[in-house]
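Trainee: Below are the structure tokens for one structure; questions will follow.
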Amino acid sequence: MSAISRAGWLLSGLLFSGAAAAQTTACRHPDFPQEVRCGVVQQPLNPDQPAGTKVDIHYVVLPSQDKNKLPDAVFLLAGGPGQSAIQLAAAGNGMLGRLNKRRDLVFVDQRGTGKSAGLQCPELEKDDFSSDDDVMFQRMEQCRIRLQKLPHGQLDQYITSIAVKDLEAVRRQQGYAQINLVGVSYGTRVGLEYLRQFPAQVRRLVLDGVVPPDMRLPAEDNAAAVDGIFRFCEQDKACNQAYSDLKGQWNHLLQSLPQKVNLQHPRTGQMHSVTMRTGSVTAMVQRALYVPSQTAMLPYAISRAAHGDFLPMTTLSGAGNLPGAASMSYGMHYAVWCSEALQRPAAKNDGSIFMLQAEENYQRICKNWPRARVPEAFYTIAPSPVPVLLLSGGIDPVTPTRHGDKVAKALGQKTLHISVQHAGHGMLMNACIRDVNYRFIHAKEEKDALAVDQRCVKQIPRPLAWMPVQAKAEGQP
């Protein structure tokens, strides 16, 4: 970069700083001791009706305080779909904080989440430990009816291809010439769609846990992840001794359902009469698959459940927990998924209980849900004009390496795909990967970004199956 062009780049950063401050106001975020900047941009609910109902898109900026700050901010794209990026700002800062030294970090509540025309369903977050599937479906239907009565209740206006126009509006309002996008899980789909619609505005794109635009349902890879546990336990002497024929125990458990059990609430300690059904068991196992340390405890939980003790599995899944920062806006979740996934023909089912349950659940919920017309181009991926970093965990139950490989191939030569064989969902929590991500985004030249030093990335062993003390002593689960 020449001295003249570098001076111009720095000058643009200084000009941007004043423009950005003028568009935001000082505010407080509960997770930060310092003041941050809050902004809002008004967008048409329906882009085809610009004079119609408007929605406010809220965002938070963690401004860089460096006197030589750079003009290309970093946007975190939250997962779900349904998570609020603003509520996850503290976690985002933990992953991206090093970049904040010279770049703004921006957290936009995607339409339908947080403060941006929220579509929350508190009915589904009641701590009603003993509710069965029928009750939950009834509550979902009640929520849909209630949401449709809101001023912003046109539920076919929350798909990804519309939401990225809101991101673009934030970029324009803040005066960023180009931005870096870091998408996590569903946020990777948002990043891919923003790149498709606004390629000139993207400097770098990071996709952590890749969700291709044509993914049918997040349960596609659950069965493979569980089969991996069974294979590992067969081959590992200690696991096989403690939990012999784990796959057989799993099949026995499924065949025993539904069954009514008395179960202690993991948080309150109160006893409940609960009917365990196939859907509730597969959902609990699915949640435990996301984190390898929890996956290591599944052999014990499955074995105990096969013997009628569901407390370990229930506790491991987080059932009964109160909503936290990562909680879902379920109205937004189904507004997106019912349109983008279920309007396309279903792929041949692999016959797994996870996909059968997922198809049944989503079809039942989406039966009365308004469907948007998703542009066919949304499901396509063109070669990227800018560097893209893809991150995959090999035992991730929803976005394993095969999705990253597929998307990397479509994006073309300007891609770098890093996969860790025994890592789970969400690679940016790893300190090494955070360093690689920093260097990828911070590199001045594209060639240097794509050649980023990744020697710290090590293939790690699969976590050993967890066993309680008595299992080690007695050889029994």
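Trainee: So which residues in the range 403-432 are within 19 Å of V457 (Cα to Cα) and open to solvent by 30 Å² or more (accessible area, probe 1.4 Å), if there are any at all?
Mentor: D405, T415, H417, S419, Q421, H422, H425, M429, N430, A431
Trainee: Considering D435, D453, D405, which residue is modelled with pLDDT of 95 or more, assigned to a loop (DSSP other than H, G, I, E, B) and acidic (D, E)?
Mentor: D453 is the lone residue from the list that is modelled with pLDDT of 95 or more, assigned to a loop (DSSP other than H, G, I, E, B) and acidic (D, E).
Trainee: Let me ask you something else. Can you work out which of the residues in the range 146-167 that are buried (at least 20 other Cβ atoms within 10 Å of the Cβ) and among the aliphatic types (A, V, I, L, M) is farthest from the chain's Cα centre (by Cα)?
Mentor: L147
Trainee: Sort out which residues of the range 72-85 are open to solvent by 20 Å² or more (accessible area, probe 1.4 Å) and at pLDDT 95 or above, and write them in order of number.
Mentor: The answer is Q83, and nothing else.
Trainee: Now, a different point. So, V190, is that one over 30 Å from K367 (Cα atoms), touching a residue at least 40 places away in the same chain (Cβ under 8 Å) and among the β-branched types (V, I, T) or not?
Mentor: Values: over 30 Å from K367 (Cα atoms): no; touching a residue at least 40 places away in the same chain (Cβ under 8 Å): yes; among the β-branched types (V, I, T): yes.
Taking the combined requirement at face value, the residue does not satisfy it.
Trainee: Additional query: When only residues in the range 399-410 that are hydrophobic (A, V, I, L, M, F, W, C) and in contact with a Leu (Cβ under 8 Å, 6 or more places away or on another chain) count, which is farthest from D221 (Cα to Cα)? Spell out how you get there, then give the answer.
Mentor: Here is the first cut: in the range 399-410, the residues hydrophobic (A, V, I, L, M, F, W, C) are 407-408, 410.
Still in the running and in contact with a Leu (Cβ under 8 Å, 6 or more places away or on another chain): 407-408.
Values: V407: 16, A408: 19 Å.
Ranking the qualifying residues of the range 399-410, first place goes to A408.
Trainee: Restricting to the range 175-197, what's the tally of residues that are within 18 Å of T415 (Cα to Cα) and either assigned to a helix (DSSP H, G or I) or of a type in the set (F, W, Y) (or both)?
Mentor: 10
Trainee: When you go through (1) in a helix (DSSP H, G or I); (2) among the polar types (S, T, N, Q); (3) at pLDDT 95 or above; (4) more than 19 Å from the chain's Cα centre (by Cα) one by one for Q138, which number turns out not to apply?
Mentor: Condition (3) is where Q138 drops out.
Trainee: On to the next question. I want to confirm something. Restricting to the range 168-186 and keeping residues that are in contact with a Lys or Arg (Cβ under 9 Å, 6 or more places away or on another chain) and of a type in the set (S, T, N, Q), which single residue is most open to solvent (accessible area, probe 1.4 Å)?
Mentor: Q178
Trainee: Return the pair list, or none, for Cβ contacts closer than 6 Å from residues in the range 263-288 that are part of a helix (DSSP H, G or I) to residues that are of a type in the set (F, W, Y) and open to solvent by 60 Å² or more (accessible area, probe 1.4 Å), at least 6 apart or on different chains.
Mentor: From the range 263-288, no pairs qualify.
The values are calculated or read from the model by the stated rules, or taken from the named source; none is laboratory data. Quick caveat, the model's predicted, so the values are computed rather than measured. Using ideal geometry, Cβ is built from the backbone for each residue, glycine included, and neighbour counts are taken over all protein chains shown. All accessible areas refer to the heavy atoms of the entire protein, side chains included, with ligands and DNA or RNA removed. Shrake-Rupley method; radii C 1.70, N 1.55, O 1.52, S 1.80 Å.
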